[in-house]
């Protein structure tokens, strides 16, 4: 009888649990009537992305099996596979005209993708033997390439230096691979969104979609790039001199090998309007003639050439530098001295006021007694050049104010009720003219004023500088500064200072865990709250303004806020959370099974203290673990701060009897159920599966309670054979037959 049962088991395993000769293949598309694909070019033609694959195999899957179709990375590696589709029907999966329906992800781009098909019950898998080109062509419009970042395509690009062509109209351009061409020849290895161009030619780019590139046109514009040389066969003939006087001119001429050249002269790299002949005259009398001169020579069929530069300087040139401020204040009965420095040779001077020369004002300095706009004319006599050279200095504005305006500002990045110190400065002093206009004269008169800072209208002792430094909350208030210069008096704008005290406010609690509705947590502070205006806050809302300590009866985030001179002094926050018994965990959890005569260690975590007891309330351990060698019921009492959590667990000796292969459910109370050893029963991580002879599954449970068959199960034959499998998530633990005898 036993021999027959095991023969039947072997037959069942072959027919119901074995998948052989598994292979995954491309399938026809039943919706379009197309043949099986050999590459995937998705996204084109209205975002088309519907494909099919099928699996060839021998055998059959078990009930509850899932067929899973997966995609590799572009190199055919399945370390991190992408799930494409699932099926449960063997017939669908095996159909060459249907199989799995799937779409490829939108970031799929490569030539070495593989498919893999997996079966979950029985466990089997196979991947495609070859790699496939798969591209999701999310962009199929023409690219635009330019060398200057503009989005307007250019037919011709002319440059004397190498250029970089870049794709400019494609979002996230650096996430694609490209093919670059020069004169219709592929530039091998150039796959990025930009190309460094050092040679002339016709260039274009397209997105590299591999074998799918012809399925979507992304070819860019094709600019004709001309890279000219600096110098080359073109040069400017050396002039007779390059340091010119105002009476000098110099004619520049060109030498070039071009037969029919066109010319464009440049100064300091910029084209000179109208300068398109074979010669150019540099005129020393022209303002700002100094600089670098070049010529660009072009000819049809050739790239342009640009000559090396010829630099011209001004022989008459010299410099003048003001030694005074450009804005000066002239006070009643006073003078302001204007002066310059110069490197002119044997200079002469003539001062001007409001555009009119001042008689007798012919020195390097001048004492101004009137308001107005002043400058000095400096003349260098003839020397290396035949004529004298005259240059005017920058102007100085001398004003006679009707009053002054003082403006103060915060000297640091100041925020009220945040900063514990700050500074105030006299930032600007304006001279107010008779017409109401103002001129900034800070640098001229700032040091001439005398100052007095005021707090709330009262003088601040010893605060007589342009700045005042504030570091104490007692200095909070409204500030102004009075300034005096001769007969002028001015009061500044006002600024409010509200410093935060530099005290630290801390709170503490008797616990951070709220155990139960009857539990009370006390929050307190070491800061004396007598005479203070304060509030206790829960989740940012005020809940108490009178108690120096707070009795907490609900979870939330608590803090203390004290009003310090109109500013909130805020404490640290304490989060009170409700007790979560699941924070205490046991390892192992559930019923502990161990062989008689051995010791088993049970560990706990998540608490701050532990006590272990047996059924007689004898303490066994006060650490995070306990060793037991006797079966029975045990209790763990764990603490999280002042909260107590009790966990009960049972330890049992490991059953030594074997899995029975015969039961007799006749109602006599003996051998009526299929009783498994406790290493398999009552285990949430162990599955028990029972099949009929024909492979039909009749039981599939976890945490088996030794309760099969129930009284409701009917057995039509006197002697029946069933098959069982006992397994966990990773392996089969036991399998065999059960004979039911009636």
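Every number here is computed from the coordinates shown, using simple stated rules; none is lab data. Every value quoted in this text rests on a predicted model; they were computed, and no experiment measured them. When we count neighbours, we look across all protein chains shown, and the Cβ atoms used for this are built from the backbone with ideal geometry, even at glycine.
Take the convex hull of the alpha carbons in the stretch 210-283; its mean projected area over all directions comes to 9.0 nm².
As a footprinting exposure proxy, order 160, 311 by other Cβ within 10 Å, with the fewest listed first.
Working: 160 18, 311 11.
Final ranking by Cβ density, sparse to dense: 311, 160.
The modelled label-to-label distance for the pair residue 577/residue 563, using points 7 Å beyond Cα in the direction of Cβ, is 3.5 nm.
Any idea how far the Cα center of the stretch 458-477 sits from the one of the stretch 423-448, in Å? The stretch 458-477 and the stretch 423-448 have Cα centres spaced 22 Å from each other. Over the stretch 145-227, Cα pairs under 8 Å with separation of 6+ residues give a relative contact order of 36 percent.
Quick one: if you take sqrt(5λ) for each eigenvalue of the C-alpha gyration tensor of the stretch 32-139, what semi-axes come out, biggest first, whole angstrom? Could you put the intermediate results ahead of the total?
Details: eigenvalues 118, 51, 26 Å².
The answer is 24, 16, 11 Å, longest axis first.
Put the Cα centre of the stretch 172-210 next to the Cα centre of the stretch 522-543 and the gap is 69 Å.
From helices alone, the chain scores -1000 deg cm²/dmol at 222 nm; the rule is -39500 (n - 2.57) for each run of n ≥ 4 DSSP H residues, then divide by the residue total. Ordering 723, 135 by the number of other Cβ atoms within 10 Å of each residue's own Cβ, fewest first, gives 723, 135.
With Kirkwood's inverse mean 1/r over C-alpha pairs for Rh, give me the Rg to Rh ratio of the stretch 507-578, two decimals please. If you can, show how the numbers build up before the last one.
Numbers: Rg = 12.0 Å, Rh = 12.4 Å.
When Rh is taken as the Kirkwood radius, the ratio is 0.97.
Can you compute the FRET efficiency between residue 639 and residue 533 using 1/(1 + (r/R0)^6), with r the Cβ-Cβ distance and R0 = 45 Å? Round to the nearest 0.05. Spell out each step's value before the answer.
On the way: r = 39 Å, r/R0 = 0.86.
Efficiency, from the Cβ-Cβ distance: 0.70.
At an R0 of 35 angstrom, the distance between the Cβ atoms of residue 456 and residue 547 translates into a FRET efficiency of 0.50. Relative contact order, whole percent, for the chain stands at 6, derived from Cα pairs under 8 Å and 6 or more residues apart.
Give the percent of DSSP beta bridges with both residues in the stretch 320-399 that are antiparallel, rounded to the nearest 5. Walk me through the intermediate numbers first.
On the way: 22 of 25 bridges.
Roughly 90 percent of the DSSP beta bridges within the stretch 320-399 come out antiparallel.
Summarising the overall dimensions of the stretch 320-399 from its C-alpha atoms, the Rg and Dmax are 13.2, 47 angstrom. Taking one quarter of the surface of the convex hull spanned by the alpha-carbon atoms of the stretch 403-497 gives a direction-averaged projected area of 6.4 nm².
Regarding the stretch 662-741, what whole-number volume in Å³ per residue does the convex hull of its Cα atoms give? Intermediate values should be presented prior to the final figure.
Working: hull volume 7.4 nm³, N = 80.
It is 92 Å³ per residue.
Under Stokes-Einstein, with the Kirkwood radius over Cα pairs standing in for Rh, what whole-number D in µm²/s applies to the stretch 454-564 at 10 °C and 1.306 mPa s? Please report the intermediate quantities before stating the final value.
Numbers: Rh = 17.9 Å.
Estimated diffusion coefficient is 89 µm²/s.
From the alpha carbon centroid of the stretch 263-279 to that of the stretch 301-368 is 31 Å.
Fewest Cβ neighbours within 10 Å first, please rank 722, 649 accordingly.
On the way: 722 22, 649 16.
Fewest-to-most ranking of 722, 649: 649, 722.
The angle between the Cα long axis of helix 2-17 and the main principal axis of the chain comes to about 30°, on a 0 to 90 degree scale. Short-range pairs are left out: with C-alpha atoms under 8 Å and at least six residues apart, the relative contact order of the stretch 520-576 is 33 percent.
Which entry is the computed P(r) over Cα pairs in 20 Å bins from 0, in percent for this structure: (1) 16, 37, 32, 14, 1, 0; (2) 14, 34, 25, 17, 7, 2, 0, 0; (3) 10, 16, 21, 25, 17, 8, 2, 0? Working out P(r) over Cα pairs in 20 Å bins from 0, in percent from the coordinates points to (3). Using a simple spin-label model with pseudo-atoms 7 Å out from Cα toward Cβ, residue 125 and residue 484 lie 9.3 nm apart. Over all distinct Cα pairs, what is the inverse of the mean 1/r for the stretch 145-227, reported as the Kirkwood hydrodynamic radius in Å? Evaluated over the stretch 145-227, this radius sits at 12.9 Å.
Length available on full extension from residue 735 to residue 437: 0.36 nm per residue minus the Cα-Cα distance, which gives 97.0 nm.
The calculated FRET efficiency for residue 446 paired with residue 217, based on their beta-carbon distance and R0 = 51 Å, is about 0.15.
Extending 7 Å from the Cα toward the beta-carbon at both residue 313 and residue 279 defines two label points whose distance is 2.7 nm.
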